[in-house]
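*Asks:* Please see the structure below; I have some questions.
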Amino acid sequence: THRVIRSIIRNMHDSCTQQVLYRPMIKNDITNREKKESFFAGGFFYNVKTQSVLLHLRDDKTPIHPNQWAFFGGMSEDNETPKECFMREIKEEIGIDVETDRIVPLCNYFIKDRGTWRYVFYVQSELPTSTMKLGEGADFRWIPLKDVFAYDLTEKTRQDLETFLRQL
């Protein structure tokens, strides 16, 4: 299954046209409170046993990527760190408190056309959706990795999931 997924990712990655600047995620990116510029922080839950990811269906009220599947997340507030922003967004969007030591940095990069950094995390979890409460968006669900690229994903969600699968 992983070989098939990796093959699909390689083909999709080769067709990616948007230019972004990647760099390894370092501790200062996650804890630095001196940063004053706004950034995006988001991510997903990953269930190792079922090989699935928990994603969020954006509603039709949002001006950015309406009705597409995406990560939980959003723009930073005040002097939040990327991890704190991710934790707040998870709480707002599905009502779950995530412990900071369970958050795994995946990648970060600068999005030139938006002029902002994007920080992506994941949390290994087996929580059933019945323990979650939709706070924003239209829906959320566990999606098997073998099926995830058949969903209408945002471009960045697709790109970051490809990065995740390459690291498995």
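The values are calculated or read from the model by the stated rules, or taken from the named source; none is laboratory data. The structure displayed is predicted, hence computed values, not measured ones. FYI the Cβ positions are ideal-geometry reconstructions off the backbone, even for glycines, and counts take in every protein chain you see. Please note that ligands, DNA and RNA were not included when accessible areas were found on the heavy atoms of the full protein model with its side chains. Shrake-Rupley method; radii C 1.70, N 1.55, O 1.52, S 1.80 Å.
*Asks:* With respect to the cross-link table entries K83/K156; K61/K156; K112/K133; K61/K91; K112/K156, which display a Cα-Cα separation exceeding 23 Å?
*Replies:* Going by Cα-Cα distance, K112/K133 fall outside the 23 Å limit.
*Asks:* Can you list the HN-Hα couplings for region 110-120, worked out from phi with the Karplus curve (6.51, -1.76, 1.60; θ = phi - 60°), rounded to whole Hz and with x for Gly and Pro?
*Replies:* 8, 9, 4, 5, 9, x, 9, 8, 10, 10, 10
*Asks:* Between rounded, prolate and oblate, where does region 54-160 land on the alpha carbon gyration tensor, with a ≥ b ≥ c its root eigenvalues, rounded for a/c under 1.5, else prolate if a/b exceeds b/c?
*Replies:* rounded
*Asks:* With a 1.4 Å probe and every protein chain left in place, tell me how much accessible area E99 has, in Å² to the nearest 10.
*Replies:* 120 Å²
*Asks:* Count charges around E126 for me, please; just the other residues with Cβ under 13 Å from its Cβ, Lys/Arg as +1, Asp/Glu as -1.
*Replies:* Net charge around E126: +2.
*Asks:* Give the long-range amide H neighbours of S52: residues separated by 5 or more places, or on another chain, with amide H under 5 Å away, using H modelled in the peptide plane at 1.01 Å from N.
*Replies:* Residues meeting the criterion, in which the H sits 1.01 Å from N, are N47, L145.
*Asks:* Let me ask something else about it. Name the long-range amide H neighbours of L106: under 5 Å, sequence gap of 5 or more, or other chain; modelled H, no Pro or chain starts.
*Replies:* Here V120, F121, Y122 satisfy the definition.
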